1. Among the residues of region 307-364, how many are touching a Gly at 6+ places or on another chain (Cβ under 7 Å), open to solvent by 50 Å² or more (accessible area, probe 1.4 Å) and closer than 22 Å to Asp147 by Cα?
2. Provide a single number: the residues in region 122-167 that are part of a helix (DSSP H, G or I), in contact with a strand residue (DSSP E or B) (Cβ under 8 Å, 6 or more places away or on another chain) and among the hydroxyl-bearing types (Ser, Thr, Tyr).
3. Output yes when any residue across region 56-64 is closer than 21 Å to Ser330 by Cβ and surrounded by fewer than 18 Cβ atoms within 10 Å (Cβ to Cβ), and no when none is.
4. Could you list all residues from region 214-250 that are farther than 20 Å from Lys184 by Cβ and among the hydroxyl-bearing types (Ser, Thr, Tyr)?
5. For region 126-158, enumerate the residues that are aliphatic (A, V, I, L, M) and either open to solvent by less than 30 Å² (accessible area, probe 1.4 Å) or at positive phi (or both).
6. Looking only at region 315-361, count every residue that is within 19 Å of Lys139 (Cβ to Cβ) and in a loop (DSSP other than H, G, I, E, B) and tell me the total.
7. Considering only residues that are modelled with pLDDT of 95 or more and of a type in the set (Phe, Trp, Tyr), look in region 294-340 and name the one that is nearest to Pro278 (Cα to Cα).
8. Which residue, of Val68, Val37, Val121, Val95, is at pLDDT below 90 and over 23 Å from Gly179 (Cα atoms)?
Amino acid sequence: MLRRHLLQTALLSALPLFAQAQDSGDIVVAQIGPFTVLPAPDPRELNEGLVAAFEEINGKGGINGRKVQLVKLDDTYTFEGFKARLDEVMPRKPVALLTPLGSATLKGLLDSKLLDSLDTVILNAVPGAGVLRNPGHPKLFHIRAGDEQQIQKIVSHARALNIQSMGVLFQDLPIGTSGLAAAKAAAAEVGGIEIIEAKSGTEAADIAQAAKAIAAKAPQSALVVGAPKFSGEGIAALRAAGVTQQIFTLSYLPAPALQKFAGQGARGVGIAQTYPNPSGVTSPLHRAFRAAMQKTHPGISSYTPFHMEGYITARVFAEAARKAKSVTPSGIAESLRRSGEFDLGGFRVNFSKGNVGSQWVDIGVVTSDGKLMY
């Protein structure tokens, strides 16, 4: 119980533990994310997956005999909040920041060149918008397949179904605008799909108006690109506007959350997936993930892709740290690049050719009871 408390300690209450971590030789990593503002469960579920993996790793002796301490800090879904939490955590020398979330926050981090001066690496930033990856940053590593790969998969799938038009409802945010560009590029590549676009802010009236504009042109399918809350509300608005055709969205929106937004309108929605099915049981990764989650979080009965993503992120960090010449930010970055393929038991990650480790994408379909089938 004490180790679990150390792993899950949050905000300023974690600060005294950092001194202990340095004195004991433990490895410190941090997760800075929107735990108290963003209504979607993504950051919490990422954290639960991270904690489960680090409990598992520490229970087996840690990384080359050193335990891992994960510290959780809340940035209130703003770049300013993220910077403030960085000021608190950096004196404690975290080797890596894991799964930071928010396209505006991450773009601010890159545009301000703040990452240039930070002695840490970022592993698995969320989301995977193209604007955050091209040109990217040497200290910023992405495990998940990016938005471009997800949208290419969606558009190719739509074309295979003989769909000839797609309405794109996108948020006026980096994730949305780069997503629209990716949809246009993918449509041009496969040919035969017309893109009908509608930009929206986050107010309900704006989303409803954009959804009605798309519905008025009667596309054969629709794609919603934005933050999780926006995507859920956008899908609900499209259904309310009379769009009964196939709707797609990206991996950031969990199926149960979509059902809360759209009710029965969630049924049949296709959600791109960048990690193996967390409900699966066939691969060694599935079995290890479920065992770790059951041991660490016995009260959680249903697992989401974000649980799996957090778990995989921690496992990738641990593999890189085990193989690193030194467990320092530069040592972790070098290890990620030179170690070749990490096989986690059915899911492979490889950073030898760049800072994106996986191109794996599938499409899950939301069932009538709010689960994801793929």
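The values are calculated or read from the model by the stated rules, or taken from the named source; none is laboratory data. These numbers come from a predicted model, not from an experiment. When we count neighbours, we look across all protein chains shown, and the Cβ atoms used for this are built from the backbone with ideal geometry, even at glycine. Remember, those area values only see protein heavy atoms, side chains included, never the ligands or the DNA or RNA. Shrake-Rupley method; radii C 1.70, N 1.55, O 1.52, S 1.80 Å.
1. Total satisfying the criteria: 2.
2. Of the residues in region 122-167, 0 are part of a helix (DSSP H, G or I), in contact with a strand residue (DSSP E or B) (Cβ under 8 Å, 6 or more places away or on another chain) and among the hydroxyl-bearing types (Ser, Thr, Tyr).
3. Scanning region 56-64 turns up at least one residue that is closer than 21 Å to Ser330 by Cβ and surrounded by fewer than 18 Cβ atoms within 10 Å (Cβ to Cβ).
4. Thr244 - this is the single residue of region 214-250 that is farther than 20 Å from Lys184 by Cβ and among the hydroxyl-bearing types (Ser, Thr, Tyr).
5. Selection gives Val126, Ala129, Leu132, Leu140, Ile143, Ala145, Ile151, Ile154, Val155, Ala158.
6. 13
7. Tyr311
8. Val37 is the lone residue from the list that is at pLDDT below 90 and over 23 Å from Gly179 (Cα atoms).
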